[in-house]
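J.: Sharing a structure, written as structure tokens. Questions coming.
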Amino acid sequence: KAAGKATWRMYRPDADVSRSAFNRLSWKDRIMQALESDGFELHYQGIYDVNTRELEHLEALVRMKDVQNPGGVIMPGHFIPHAEKTGKIVDIDRWVIKRTVELLAARPDIPSVAINVSGRSFDEPALPEFIGSLLRLHCVDPRRLLVELTETAAVSDMRDAQRFIDALRATGCTVCLDDFGNGFASFAYLKQLKADVLKIDGFFIRDLPHDHDSQVFVRGIVAMARDMGKTTIAEFVENEAIYNMLVDIGVDLVQGYYLDKPTRDHPALRNAASA
Ligand code: C2E
Ligand code: MG
Ligand code: MG
Ligand code: MG
């Protein structure tokens, strides 16, 4: 247009040029661009009752759309660490929360959705209030939202963390400590942070059938959680041997490739949509 009306140009898509343009962007710029241009999407993985195999929750896992590869996605392992370093994680988490509450409002047939909130947000007292007001706005039962707190960095201020969790629980949603057992301070967290659910880190689950120490650990956590009135979830349930062992140990809920993989169009979203 700038070149005038009666002109034309040959357009030759040049993958190398767009690739290097994208590669020159910092992760912060890529994340900001994605936030502004509908550049994220959610994939869903089931969390099932270990005995009945009924679906209890769908965990929403964020991906960045890959602008260089339409239809492809960039996994959170690549961009979440940068988002946490630059503070952009709070904006990503808000986007996920908004999407999820809208989904829960539109789909009363879905029992519950689990979302991940970064421990980086513990010093963001506005976040629990954001969740509470969205749930009220959309008239969604807060018990249908499970908030998984992921502690990628050690919690620097236990009082901030406890205040954050108390505020979350005051909205009526359920609070889960994700990746439990990963990080040596976990027992201190268990004593001080009033979470409802413990998700045992996949590190202890994936070689459960062959690793005696993992068995001792998982049995111990499950027994302790039961006495404390908390629910347990095992992640990374990759095969039948692991699954059977978890039935024997008495964990409450299971999640992993043996049951399903995270997908854009999880069967639970598909089936009820056509009903
Ligand atoms: P997470 O919350 O512990 O999620 C479990 C991760 O393990 C997911 O990876 C999932 O795809 C993968 N997984 C599930 N079942 C199996 C299995 O049987 N075997 C193996 N090997 N892996 C399994 P994903 O989607 O790459 O997410 C990685 C992490 O990124 C998550 O770990 C979570 O900490 C973070 N994350 C994902 N979405 C969000 C989000 O919306 N906000 C925040 N703050 N963090 C997120
Ligand atoms: Mg999680
Ligand atoms: Mg986890
Ligand atoms: Mg993990």
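The values are calculated or read from the model by the stated rules, or taken from the named source; none is laboratory data. Remember, predicted model here, so these are calculated numbers, not experimental data. Note that each Cβ is placed from the backbone with ideal geometry, even for glycine, and that neighbours are counted across all protein chains shown. These area figures cover heavy atoms from the full protein model, side chains too; ligands, DNA and RNA do not enter into them. Shrake-Rupley method; radii C 1.70, N 1.55, O 1.52, S 1.80 Å.
J.: What whole-number volume per residue, in cubic angstrom, does the convex hull of the C-alpha atoms of region 157-275 give?
T.: Numbers: hull volume 16.4 nm³, N = 119.
Hull volume over Cα atoms, normalised by residue count, gives 137 Å³.
J.: Using alpha-carbon pairs under 8 Å, 6+ residues apart, how would you state the relative contact order of the chain in percent? Intermediate values should be presented prior to the final figure.
T.: Working: 420 pairs, mean separation 46.3, N = 275.
After rounding, I find 17 percent.
J.: Largest first, what is the accessible-area ranking of Asp179, Asp93 with a 1.4 Å probe?
T.: The residues order as Asp179, Asp93, largest area first.
J.: Sort His138, His43 by accessible area with a 1.4 Å probe, largest first.
T.: Descending accessible area places them as His138, His43.
J.: By how many degrees, 0 to 90 and rounded to 10, does the Cα axis of helix 89-106 deviate from the longest principal axis of the chain?
T.: 80
J.: Could you pull out every one of the lysines with an alpha carbon less than 29 Å from that of Lys28, ignoring same-chain neighbours closer than 8 positions?
T.: Filter leaves Lys65, Lys85, Lys88, Lys98, Lys261.
J.: Compactness ratio of region 39-91: Cα Rg over 2.2 N^0.38 Å, N = residue count?
T.: Details: Rg = 14.5 Å, N = 53, 2.2 N^0.38 = 9.9 Å.
Dividing the Cα radius of gyration by 2.2 N^0.38 Å gives 1.46.
J.: Something else now. Under a 1.4 Å probe, what is the accessible area of region 104-183 per residue, stated in Å²?
T.: 44
J.: To the nearest 10 degrees, how steeply does helix 212-227 sit against the main Cα axis of the chain, on a 0 to 90 scale?
T.: That works out to roughly 80 degrees.
J.: If you don't mind, another one. How much of the accessible area of the chain, in percent, comes from carbon and sulfur atoms when a 1.4 Å probe is used?
T.: Within the chain, the accessible surface is 53 percent carbon and sulfur.
J.: Measuring from a point 7 Å past the Cα of Asp157 along Cα-to-C-beta, which residues in region 77-100 have an amide N at less than 16 Å?
T.: No residue passes the distance filter.
J.: What number, rounded to the nearest 500 deg cm²/dmol, is the helix-based mean residue ellipticity at 222 nm of the chain, given -39500 (n - 2.57) per DSSP H run of at least four residues and division by all its residues?
T.: Helix-only estimate at 222 nm: -13000 deg cm²/dmol.
J.: Between Asp265 and Asp213, what is the spin-label point distance in nm, taking each point 7 Å from the Cα along the Cα→C-beta axis?
T.: Going by the 7 Å Cα→Cβ label model, 4.5 nm.
J.: Give me the angle, in degrees from 0 to 90, between the Cα long axis of helix 76-86 and the longest principal axis of the Cα atoms of the chain, rounded to the nearest 10.
T.: Relative to the chain, helix 76-86 is tipped by roughly 80 degrees.
J.: Return the FRET efficiency for the residue pair Thr86, Glu240: r is the Cβ-Cβ distance, R0 is 35 Å, and the value is rounded to the nearest 0.05.
T.: Values: r = 42 Å, r/R0 = 1.20.
For R0 = 35 Å, the calculated efficiency reads 0.25.
J.: While we're on this one: Return P(r) of the chain (all Cα-Cα pairs; 5 Å bins starting at 0; whole %; ordered from short to long distances).
T.: 1, 5, 11, 15, 16, 16, 13, 9, 5, 3, 2, 1, 1, 1, 0, 0
J.: Take the eigenvalues of the Cα gyration tensor for region 54-127, scale each by 5, and report the square roots as semi-axes in whole Å, largest first.
T.: 23, 19, 11
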